[in-house]
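Working notes for the structure below.
The values are calculated or read from the model by the stated rules, or taken from the named source; none is laboratory data. All values derive from a computational prediction rather than experimental measurement. Note that we place each Cβ from the backbone using ideal geometry, even for glycine, and neighbour counts take in every protein chain shown. The accessibility values were calculated without ligands, DNA or RNA, using every heavy atom of the protein model including side chains. Shrake-Rupley method; radii C 1.70, N 1.55, O 1.52, S 1.80 Å.
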Amino acid sequence: MPVITLVHHDGRRDALDVPPGTSIMHAAIAAGIDGIVGECGGSAMCATCHVYVAEGKMDQLPPVDAVEDAMLDSTACERKPESRLSCQLRVTEEFDGLVLFLPEQQV
Ligand code: FES
């Protein structure tokens, strides 16, 4: 099963076993990760599931669509080139080893 590592703003790390087909937001909520809120339930409507993708990994992920792109302008913390909404990242086997950094706050 793909393992996704979430790095909290304070440096804590959580490694999650995420079944393929599951969004990273849902996996994080299920694991009780406090750095992901997921207020809208995964509809790309709240930007409270914001993550920063580790350097060099953006190209391995599905592209940002127009809805996600618009919502990324509403994140609580600065939008960066490596910003994604974790609810829009549905895990495949290729995600194994992915590292995501959590912003300081989501709201
Ligand atoms: Fe709301 Fe991702 S959970 S935008």
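Hey, quick one: spin label on THR92, modelled 7 Å out along Cα-Cβ, who in the stretch 5-32 has an amide N within reach, i.e. under 18 Å?
18-25
Summing -39500 (n - 2.57) over the DSSP H runs of n ≥ 4 in the chain and dividing by its residue number, what mean residue ellipticity at 222 nm do you reach, to the nearest 500 deg cm²/dmol? Don't jump to the answer; show the numbers that get you there.
Values: 2 runs with 13 residues, N = 107.
For the chain, the value works out to -3000 deg cm²/dmol.
With a ≥ b ≥ c the root eigenvalues of the C-alpha gyration tensor of the chain, is it rounded (a/c under 1.5), prolate (a/b larger than b/c) or oblate?
Values: a/c = 1.31, a/b = 1.18, b/c = 1.11.
Here the chain falls in the rounded category.
Counting other C-beta atoms within 10 Å, and keeping those with at most 13, which DSSP coil GluC sites (Glu not before Pro) do you find in the stretch 42-92? Could you put the intermediate results ahead of the total?
Values: sites: GLU55, GLU68, GLU78, GLU82; in loops: GLU55, GLU78, GLU82.
When the GluC sites (Glu not before Pro) of the stretch 42-92 are filtered for loop state and at most 13 Cβ neighbours within 10 Å, GLU55, GLU78 remain.
Between ASP10 and ASP59, what is 0.36 nm times their sequence separation minus the Cα-Cα distance? Round to one decimal in nm.
Here the segment from ASP10 to ASP59 would lengthen by 15.0 nm.
For the stretch 3-101, what relative contact order do you get, as a whole percent, if you take Cα pairs closer than 8 Å and at least 6 residues apart? Don't skip to the end; give the middle numbers.
Details: 167 pairs, mean separation 40.0, N = 99.
Reported as a whole number, the value is 40 percent.
In what sequence, largest accessible area first, do VAL64, VAL107 appear using a 1.4 Å probe? Could the numbers behind the result be given before it?
On the way: VAL64 55, VAL107 115 Å².
In descending accessible area the options line up as VAL107, VAL64.
Under 1.5 on a/c is rounded, so check that first for the stretch 32-78, then, if it is not, pick prolate when a/b is larger than b/c and oblate when it is not; a ≥ b ≥ c are the square roots of the alpha carbon gyration tensor eigenvalues. Before the final figure, lay out the partial values.
On the way: a/c = 1.73, a/b = 1.24, b/c = 1.40.
The shape class here is oblate.
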